[in-house]
Amino acid sequence: MSKADSVRLYKIRKAISELSSKEGRGTELVTLYIPPKKPIHEVIAYLRNEWGTAGNIKSDTTRNHVQDALTKSMQRLKLYRETPETGLIIFCGALPTNGPGSEVIRMNEIVPPKAVTTFLYMCDDHFHIEYLRDMLKDEKVYGILSIDSNDVGMGILSGDRLDVVDTMTSGISGKTRKGGQSARRYERGREMEITYFFNRVSEHATRIFINDYHVGGIIVGGPGPTKENFLKNGYLDYRLQKNVIEVIDTSYSGREGIREIVEKASDKLENVRLVEEKKLVQKFLGEVSRPNGLAVYGLPRVLEALNRNNIETILCSDDLNTSKITMVCKNCQTVKEKVVQSPQKIQATQTMLGEPCVKCGSTDYETSDADVVDTLEEKAIQVGARVEMISSGTEEGMMLKSFGGVGGFLRYRT
């Protein structure tokens, strides 16, 4: 996923999270996957035919909900002259807002990150998001092997995630010879322990990197000559051996060594999202630490910089979970806004509705709310800036969260 796609990926993940918990009263939720070269008029004709077929549904409520969902989908498709490059996915159906009988037709349209391969229409009691979820899986998966004579760590690097999936200690004796043993006898015993350890590592590496994750490349690292001996003597499965893209000297092995390998192999992993995020956050921290650094943090300050057209790039944690509520007085058009945590959105909205307009005293408002990320992206586009989503599950993500989850690079110091 390229830099420009991080916000789109965030929105798709958020939609998947929300849609996965939605259920219809019957088989009335419409799922539609449209491949890139499928003519829009053919899809509309297909849905029009399904609308007629839905007239045979016995339940009045289910029939109306299905036909309403199909009608809304057809109306939306008419806005497209042609199918987007990667296709189009639509989820549409009657979802309850406050228990049975409060259903409202809602629709999510998504341009997927990868091309839709097959036309698919389903009407069910849930949305079929599993195909979209599969599209988010990164094609390039790297295996990280950090080894020395004491321990080994194995990790998986994919997109914006680095997972340590296995660690083992070797149990190998130290190089100091125990009393009562000849030097040669002691060395033979140690060599047997090393051979046994290397074979264990090989078995685990084959299981993790080939059977479980199908890695496309492997990076091996560790302190001292152990890693070279492991590779040179052919312990690693030949399928992994030919996919070793770099061997790196590190200060640590095991769990800490895995993180160090990723740091030192950044030039080989330029297109991996996690590496991009590390560079962005480290640059941000560098600017923050400088007396006159070109950095700003905290949502109010970032929004202020956006309004002054003085921001180049915004960094935003993917678990910010914040909404902006906007209310416009229907009588005098006065606008009032409030930024709140999303779980408190309903309560905050009710409180704001009960507060009279500061200009005319009316309590009749036009109300809307939006994810703060959407607000930031909209404003950023207007001033030629960009928004980068940072994974909250990484060390860099945790650092950004300590600055309020939002930061940015200024164009000039005010």
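Values in this text are rule-based calculations from the coordinates and carry no lab data. A quick note: this is a predicted structure, and the numbers were derived from the prediction, not measured. Note that we place each Cβ from the backbone using ideal geometry, even for glycine, and neighbour counts take in every protein chain shown.
Estimated purely from DSSP H runs of n ≥ 4, each contributing -39500 (n - 2.57), the mean residue ellipticity at 222 nm for the chain is -11500 deg cm²/dmol once divided by its residues. For the chain, what is the percent of antiparallel DSSP beta bridges, rounded to the nearest 5? Bridges in the chain that DSSP calls antiparallel: roughly 80 percent. When only Cα pairs below 8 angstrom with a gap of at least 6 residues are kept, the chain shows a relative contact order of 14 percent. Packing, taken as the mean count of other beta carbons within 10 Å per residue, orders the peptides 402-408, 131-137 from highest to lowest as 402-408, 131-137.
Highest-first packing order for the peptide set 150-162, 70-82, 217-229 is 150-162, 217-229, 70-82, based on the mean count of other beta carbon atoms within 10 Å. The Kirkwood hydrodynamic radius of the stretch 3-135, based on inverse pair distances between different Cα atoms, is 15.2 Å.
How fast does the chain diffuse by Stokes-Einstein, in µm²/s, taking the Kirkwood radius from C-alpha pairs at 4 °C and 1.567 mPa s? Walk me through the intermediate numbers first.
Details: Rh = 25.6 Å.
Using the Kirkwood radius from Cα pairs, D works out to 51 µm²/s.
Working ranking of peptides 235-241, 27-33 by packing, defined as the average number of other Cβ atoms within 10 Å per residue, highest first, is 27-33, 235-241.
The largest-to-smallest principal axis extents of the Cα set in the stretch 56-196 are 91, 37, 24 Å. Helix 372-383 axis versus longest C-alpha principal axis of the chain: approximately 80°, rounded to the nearest ten. Going by alpha carbons, how many degrees (0 to 90, nearest 10) lie between the helix axis of 60-77 and the longest principal axis of the chain? For 60-77 against the chain, the angle is about 80 degrees.
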